[in-house]
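Enquirer: Before I ask anything, let me first share the structure, which is written out below as structure tokens.
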Amino acid sequence: MTRFPAVDPIPLPAPLWLFKLLHNVTFILHLGAVEMMIGGLILALLLSVAARRRSSPEMLQASGMIAHRLPTVMAFVINLGIPPLLFAQVLYGRALYTSSVLIGVFWISVIFLLMGSYYGLYFSAKRAESKRRWLAPGLAALLLILTISFIYSNNMTLMIRPAVWQSMYRASPAGAQLNSSDPALPFRWLFFIAGSFPAAGAALMLLSLRQRATDPVRPFLMRLGGWSAAAGMVLEAICAYATISAQPAEVVGGIMISPLYAISAWLWVATAAICLLAGVAGASSRSPGALIASASALAVFLNIASTVEIRDAIRDLTLRAAGFDVWNRQVVTNWSVVGVFLVLFVGAAAAIAFLIGVVARARRVEEKYA
Ligand code: HEM
């Protein structure tokens, strides 16, 4: 007997590959924003403490510059999280709804944790702008954000463990529990946290290029970004190895025999190496180099893209072994609706690209946090 709830009798209104593609593309953007936010917040907090201990104006200035940008990054985290959530529900609803109900108390709490952390980021930015200490609200925001990410990892690992669903429901029908018995969970969660350092590092290297050539914070941001990218990538690689080792042998074997997944795995390794080298180059450079910063940003983006593909492989292969084949759905494509959707999607993406361009070209405002 299948452990999954019955499939929705209404067929899918668009080809499955299109849902998958849109899911993965939007999830890459969500994950990129999440990692920039977590890494940025940790680095900014560390800098704000170190700046006062060492009386370093560069550290204080860099910490304020990051804190000032974090509420905007959070807006991207939230808005870019909604599309993959909708596509994931269409594709994996039977598994995802079940796991969400099983950890319902924690899952619902995400809304309140999110509001609290968003407020904490705004509050921290305001204090940094008025040159006041923001360690306490910043730490509180970080704690809430890390809790949210842990709850997400719990749900995404529980949705592929149908074998434990019944016993978990019996243990807590109210949903006051987490997927704590899963050996893959800790390293998977740590993997995403470690990945925040290369993402934030690349963003700092790009930010350094936008500073005046004479500004002492410019080379500092480049070196800090380089260290963060290089050291973070080493940590991430260790967590990646541990996460993959915790997967069943047939899942790992399945990844290596599928050309798409195998290419993604090799792309991950190649981009991790480029990110490490670009990070070391940035960390040891005297003046910011556009080539190093762009290479590291591109490597981080492709590294996140390959992470998303491998994560997708782990989910599909694990679910298939449990009797849930995501590709086995009835599809009746409504092409006119698909057409309208795609036009709106491309239009929205173009509008966002235009707005980012406007921000990039905007006249620089003098920022003073030290
Ligand atoms: C502070 C806020 C947030 C953080 C730190 C965060 C972090 C994460 C992390 C770490 C994952 C990967 C979990 C894993 O695979 O183990 C994830 C997945 C996901 N997040 Fe977020 N997230 C945040 C907010 C949101 C919001 C507001 C939404 C939607 C409204 C969202 C939608 C998603 C979706 C849909 C996935 C999984 C996609 C899939 O499996 O198909 N996230 N998030």
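Enquirer: Kindly provide the set of residues from the range 1-26 that are surrounded by 12 or more Cβ atoms within 10 Å (Cβ to Cβ) and among the hydroxyl-bearing types (S, T, Y), ordered by number.
Expert: T26
Results for (1) more than 16 Å from the ligand (Cβ to nearest atom); (2) of a type outside the set (V, I, T); (3) more than 24 Å from A199 (Cβ to Cβ); (4) part of a helix (DSSP H, G or I), shown as yes or no for each residue.
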{"residue": "W17", "(1), (2), (3), (4)": "no, yes, yes, yes"}
{"residue": "T26", "(1), (2), (3), (4)": "no, no, no, yes"}
{"residue": "G40", "(1), (2), (3), (4)": "no, yes, no, yes"}
{"residue": "G64", "(1), (2), (3), (4)": "yes, yes, no, yes"}
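Enquirer: Output the number of the condition that I160 fails; it satisfies all remaining conditions of (1) within 12 Å of the ligand (Cβ to nearest atom); (2) assigned to a helix (DSSP H, G or I).
Expert: All conditions pass for I160, except number (2).
Enquirer: Also, I was wondering about something else. Need the failing condition index for A322 against (1) among the aliphatic types (A, V, I, L, M); (2) touching a Lys or Arg at 6+ places or on another chain (Cβ under 8 Å); (3) under 23 Å from Y241 (Cα atoms), just the number.
Expert: Failed condition: (3).
Enquirer: Before we move on, is V326 within 30 Å of A249 (Cβ to Cβ), surrounded by 15 or more Cβ atoms within 10 Å (Cβ to Cβ) and at pLDDT 95 or above?
Expert: Yes; evaluated as a whole, the condition is true for this residue.
Enquirer: State whether one or more residues within the range 94-102 are of a type outside the set (D, E, K, R), more than 11 Å from the ligand (Cβ to nearest atom), closer than 30 Å to A6 by Cα and not in a helix (DSSP H, G or I).
Expert: no
Enquirer: If you don't mind, there's one more thing I want to ask. Only one of A360, A353, A305, A348 is modelled with pLDDT of 95 or more and assigned to a helix (DSSP H, G or I). Can you tell me which?
Expert: A305
Enquirer: Among the candidates A176, A88, single out the residue that is over 26 Å from F19 (Cα atoms) and among the small types (G, A, S).
Expert: Going through A176, A88 in turn, the sole match is A176.
Enquirer: Let me ask another. Is one or more of the residues making up the range 7-20 touching a helix residue (DSSP H, G or I) at 6+ places or on another chain (Cβ under 9 Å) and either of a type in the set (S, T, Y) or closer than 19 Å to W134 by Cα (or both)?
Expert: no
Enquirer: Among the residues of the range 144-199, which ones are more than 17 Å from S100 (Cβ to Cβ) and among the basic types (K, R)?
Expert: Within the range 144-199, R170, R188 meet the criteria.
Enquirer: Still on this structure, I have one more. With respect to I255, is the statement that it is surrounded by fewer than 17 Cβ atoms within 10 Å (Cβ to Cβ), in a helix (DSSP H, G or I), more than 20 Å from the chain's Cα centre (by Cα) and of a type in the set (V, I, T) true?
Expert: Criteria not met by I255.
Enquirer: Could you list, in sequence order, the residues of the range 163-212 that are assigned to a loop (DSSP other than H, G, I, E, B) and surrounded by 16 or more Cβ atoms within 10 Å (Cβ to Cβ)?
Expert: G175, Q177, L178, N179, D182, A184, G195, Q211
Enquirer: Let me ask something additional. Say whether the condition of being more than 30 Å from A6 (Cβ to Cβ), over 22 Å from the mean Cα position of the chain (by Cα) and assigned to a helix (DSSP H, G or I) is met by at least one residue in the range 330-339.
Expert: yes
Enquirer: Conditions first: (1) farther than 24 Å from N155 by Cβ; (2) free of Cβ contacts under 8 Å to residues at least 60 places away in the same chain. S264 passes all but one, so which condition is the exception?
Expert: Condition (1) is where S264 drops out.
Enquirer: I would also like to ask the following. Do the conditions hold for L204, that is, is it free of Cβ contacts under 8 Å to residues at least 60 places away in the same chain and either acidic (D, E) or touching a Leu at 6+ places or on another chain (Cβ under 9 Å) (or both)?
Expert: Against the criterion (free of Cβ contacts under 8 Å to residues at least 60 places away in the same chain and either acidic (D, E) or touching a Leu at 6+ places or on another chain (Cβ under 9 Å) (or both)), L204 does not qualify.
Enquirer: Follow-up. Picking from I10, I82, which residue would you name as being among the aliphatic types (A, V, I, L, M) and either in a helix (DSSP H, G or I) or within 11 Å of the ligand (Cβ to nearest atom) (or both)?
Expert: After ruling out the rest, the residue left standing is I82.
Enquirer: Show the residue pairs that are 6+ apart or on different chains and have beta-carbon atoms under 9 Å apart, the first residue being within the range 110-123 and assigned to a helix (DSSP H, G or I) and more than 8 Å from the ligand (Cβ to nearest atom), the second being among the β-branched types (V, I, T) and modelled with pLDDT under 95.
Expert: Pairs that qualify, where the first residue is assigned to a helix (DSSP H, G or I) and more than 8 Å from the ligand (Cβ to nearest atom) and the partner is among the β-branched types (V, I, T) and modelled with pLDDT under 95: there are none.
Enquirer: Across the range 321-340, what is the total count of residues that are free of Cβ contacts under 8 Å to residues at least 12 places away in the same chain and under 28 Å from S264 (Cα atoms)?
Expert: 2
The values are calculated or read from the model by the stated rules, or taken from the named source; none is laboratory data. Remember, predicted model here, so these are calculated numbers, not experimental data. Virtual Cβ from ideal backbone geometry, glycine too; neighbours counted across all protein chains shown.
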